[in-house]
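Colleague: This is the structure, below, for whatever I ask next.
The values are calculated or read from the model by the stated rules, or taken from the named source; none is laboratory data. In this text, all values refer to a predicted model and were calculated from it rather than measured experimentally. Don't worry about glycine lacking a Cβ; one is built from the backbone with ideal geometry, like all the others, and counts go over all protein chains shown. For accessibility, only protein heavy atoms count, side chains too; no ligands or nucleic acids. Shrake-Rupley method; radii C 1.70, N 1.55, O 1.52, S 1.80 Å.
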Amino acid sequence: LVLFTGGTQSGCGPASSETGPFYCPADQKVYLDLDFFKELRNRFGAQGDFAEAYVIAHEVGHHVQKETGIEAQVRQLEQQNPDRQNELSVKTELQADCLAGVWAQSVYKQGNLDSGDIDEGLKAAAAVGDDRIQASAGQDVNPETWTHGSAEQRSGWFNKGYTSGDPAACDTFATS
């Protein structure tokens, strides 16, 4: 885990505040831009500590994808089918949302959630949907350009992981 503000160097190249939080498969580290959490609250309206926990769990979900071989399979599919790159990116991101939900279920079972935490996570997932980001930037909402999925998809997959508590329920690649 690497915490930064402003910018840093990662195994995947330079990272700045514009990059936001991300997982770098090359060095297997999660990079968290602390300024992003202010943006999450102020720009996206996602309040609460569990909104931040969702972001962290989502990025750790990418590490799970690396460890299970999913990340390598996706890279291979992207190379074989460059026209599907955005579609595959969305499926990868939605799966990380679902895995974050699975983690949230484990926290719930341990009795470590406050009233409203899951709602904070659902709101955060929706807040960073590509449709909401495009609309808030004054752009036309264009699903063809999405890399992370819509607000509905993101919160829906987070919720699916949370309600099932089962990583096997997170097969976004099996759905159209």
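Colleague: Which distance in nm do the two modelled labels at D35 and K66 give, with both placed 7 Å along the Cα-to-Cβ direction?
Modeller: 2.4
Colleague: Shifting gears a bit: Can you tally the net charge around A169? Count Lys and Arg as +1, Asp and Glu as -1, for every other residue whose Cβ sits under 14 Å from the Cβ of A169.
Modeller: -2
Colleague: Excluding ligands and nucleic acids, what accessible area in Å² is computed for Y31 using a 1.4 Å probe, to the nearest 10?
Modeller: Accessible surface of Y31 is approximately 10 Å².
Colleague: Counting helices only, and only those DSSP H runs with n ≥ 4, report the 222 nm mean residue ellipticity of the chain as the sum of -39,500 (n - 2.57) divided by its residues, in deg cm²/dmol to the nearest 500.
Modeller: That comes out to -17500 deg cm²/dmol.
Colleague: Using the basic label-point model (7 angstrom from Cα toward the beta carbon), what is the C12 to I56 distance in nanometres?
Modeller: Placing both labels 7 Å beyond Cα along the Cβ direction yields 1.9 nm.
Colleague: Also: Give me the 1.4 Å probe accessible area per residue for the chain, excluding ligands and nucleic acids, in Å².
Modeller: For the chain, the solvent-accessible area averages 52 Å² per residue.
Colleague: Tell me, what HN-Hα J-couplings in whole Hz come from the Karplus equation 6.51 cos²θ - 1.76 cosθ + 1.60 at θ = phi - 60° for each residue of region 58-71, using x for Gly and Pro?
Modeller: With the stated coefficients, region 58-71 comes to 4, 5, 5, x, 5, 5, 4, 4, 5, 5, 8, x, 5, 4 Hz.
Colleague: Can you give the Rg to Rh ratio for region 87-176, taking only C-alpha atoms and Rh from Kirkwood?
Modeller: Reported Rg/Rh (Cα atoms, Kirkwood Rh): 1.02.
Colleague: Net charge near A51, counting Lys/Arg +1 and Asp/Glu -1 over other residues with Cβ under 11 Å of its Cβ?
Modeller: Around A51, the charge tally is -3.
Colleague: Output the antiparallel fraction of DSSP beta bridges having both residues in the chain, as a percent to the nearest 5.
Modeller: Values: 7 of 10 bridges.
DSSP beta bridges in the chain are roughly 70 percent antiparallel.
Colleague: Can you list residues from other chains, or at least 5 along the same chain, whose modelled amide H is less than 5 Å from the amide H of K29?
Modeller: C24
Colleague: Continuing with the same structure: With an 8 Å cut-off on Cα pairs and a minimum separation of 6 or more residues, tell me the relative contact order of region 128-176 in percent.
Modeller: Relative contact order, region 128-176: 30 percent.
Colleague: Work through the residues other than N81 whose Cβ is under 13 Å from its Cβ and net out their charges, Lys, Arg +1 and Asp, Glu -1.
Modeller: Here the count lands on 0.
Colleague: Follow-up question, since we're still on this one. Which far-off residues, 5 or more places away or on another chain, put their amide H under 5 Å from the one on S17, with H placed in the peptide plane?
Modeller: Distant-sequence amide H within range of S17: G6.
Colleague: Right, another one. Over all directions, how big on average is the projection of the convex hull of the alpha-carbon atoms in region 1-94, in square nanometres?
Modeller: Mean projected area of the Cα convex hull: 6.4 nm².
Colleague: What percentage of the solvent-accessible surface of the chain, computed with a 1.4 Å probe over protein heavy atoms, is contributed by carbon and sulfur atoms?
Modeller: Looking at the chain in its full context, I get 48 percent from C and S.
Colleague: Also, quick follow-up: Roughly how many nanometres apart are two label points built 7 Å out from the Cα toward the Cβ at Q28 and R43?
Modeller: Calculated label separation equals 3.2 nm.
Colleague: From the list (1) 1.03; (2) 1.27; (3) 0.94, can you say which value of Rg/Rh (Cα atoms, Kirkwood Rh) was derived from the structure given?
Modeller: (3)
Colleague: Assign one of three labels to region 73-128, namely rounded, prolate or oblate, based on the Cα gyration tensor with a ≥ b ≥ c the square roots of its eigenvalues; rounded applies when a/c is under 1.5, prolate when it is not and a/b is larger than b/c, and oblate otherwise.
Modeller: The shape class here is oblate.
Colleague: Okay, next question. Would you mind calculating the relative contact order of the chain from Cα pairs under 8 angstrom and at least 6 residues apart, reporting the percent as a whole number?
Modeller: 22
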